[in-house]
Amino acid sequence: MPLAALNAMGKEMFVETLKDVFEHSPWVAEGAYAAAPFDSVASLRSAMMDVVRNAGEDKVLGLFRAHPDLATRLAISDWSAAEQQGAGLDRLSPAEFEAFSELNRAYVGKFGFPFLFAVRGKTKEDIEEAMRMRLPRSAFEEREQALREIEKIAGFRLVDLIEA
């Protein structure tokens, strides 16, 4: 869709169009609407991230928790499914699946939300390495990294959705 078409939308249609750019969190699109019109996809992403960064801790944690575990075999959003398939996470051997499951459990147990990682262009080995490297981090460091990853994910999704 052209950016001009998005800028011309009323709030309801704008939110409906962008509601899942931030996984199951339409409140991000709703909050960003006030910053329209946008002169670029980057400015839209920035406005949406401003909404996230200015949200209360409960909302941010809810956004984190709305993301699926990586390599899950549960039903997930179309965007998440496509992103994970591109990284090969839908083709794990039983041993690889168990390793990812253990890492996911350890991560959620420590931080209280799923491991967030922009998987586009990454391999399953890249993702496993990142999980192992990030697990020892502090809660503050990992919260900040999770926000950076969400920003990357949103950027990829917006570029896929909107013509510059």
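Beta carbons closer than 8 Å, at least 6 apart along the sequence or on distinct chains, pair a first residue in segment 1-14 that is within 11 Å of L161 (Cβ to Cβ) and touching a residue at least 60 places away in the same chain (Cβ under 8 Å) with a second that is assigned to a helix (DSSP H, G or I) and of a type in the set (V, I, T) for M1/T17; L3/V41; L6/T17. Looking across segment 89-110, the residues that are buried (at least 19 other Cβ atoms within 10 Å of the Cβ) and in a helix (DSSP H, G or I) come down to F100, L103, Y107. For segment 111-123, does any single residue satisfy the condition of being closer than 22 Å to S25 by Cα, modelled with pLDDT of 95 or more and assigned to a helix (DSSP H, G or I)? Yes, segment 111-123 has at least one match.
Could you please find all residues in segment 112-164 being within 10 Å of the chain's Cα centre (by Cα) and of a type in the set (G, A, S)? Across segment 112-164, the qualifying residues are A118, A146, A154, G155. Scanning segment 99-137 for residues that are out of contact with any Asp or Glu (no Cβ under 8 Å at 6 or more places or on another chain), closer than 29 Å to D160 by Cα and aliphatic (A, V, I, L, M) turns up I127, A130, M131.
Within segment 30-46, residues that are at pLDDT 95 or above and surrounded by 14 or more Cβ atoms within 10 Å (Cβ to Cβ) reach partners that are acidic (D, E) and not in a loop (DSSP other than H, G, I, E, B) with beta carbons closer than 8 Å, at six or more positions or on different chains, in the pairs A32/D50; A35/D50; R45/E151.
Residues being in a loop (DSSP other than H, G, I, E, B) and not hydrophobic (A, V, I, L, M, F, W, C): count how many of those fall in segment 124-151.
Taking segment 124-151 first, the residues in a loop (DSSP other than H, G, I, E, B) are 135-138.
Those still in the list that are not hydrophobic (A, V, I, L, M, F, W, C) too: 136-138.
Number of matching residues: 3.
Per the listing V51, V60, V15, the residue uniquely more than 17 Å from G155 (Cα to Cα), of a type in the set (A, V, I, L, M), surrounded by 15 or more Cβ atoms within 10 Å (Cβ to Cβ) and modelled with pLDDT of 95 or more is V60.
Scan the helices (runs of 4 or more DSSP H) fully inside segment 10-57 and keep the ones with 3 or more residues being within 21 Å of Q145 (Cα to Cα). Full working, then the answer.
Numbers: elements: 11-18, 26-32, 41-53.
Once the helices (runs of 4 or more DSSP H) in segment 10-57 are filtered for at least 3 residues that are within 21 Å of Q145 (Cα to Cα), what remains is 41-53.
In the set (1) closer than 25 Å to D20 by Cβ; (2) free of Cβ contacts under 8 Å to residues at least 12 places away in the same chain; (3) among the aliphatic types (A, V, I, L, M), L116 fails one condition alone, (2). Would you call L61 touching a Phe, Trp or Tyr at 6+ places or on another chain (Cβ under 7 Å) and not polar (S, T, N, Q)? Yes.
L135: touching a residue at least 12 places away in the same chain (Cβ under 8 Å) and farther than 22 Å from R45 by Cβ, yes or no? Yes; evaluated as a whole, the condition is true for this residue.
The values are calculated or read from the model by the stated rules, or taken from the named source; none is laboratory data. These numbers were taken from a predicted model, which means no experiment stands behind them. Neighbour counts are summed over all protein chains in view; Cβ atoms, including those assigned to glycine, are modelled from backbone coordinates with ideal geometry.
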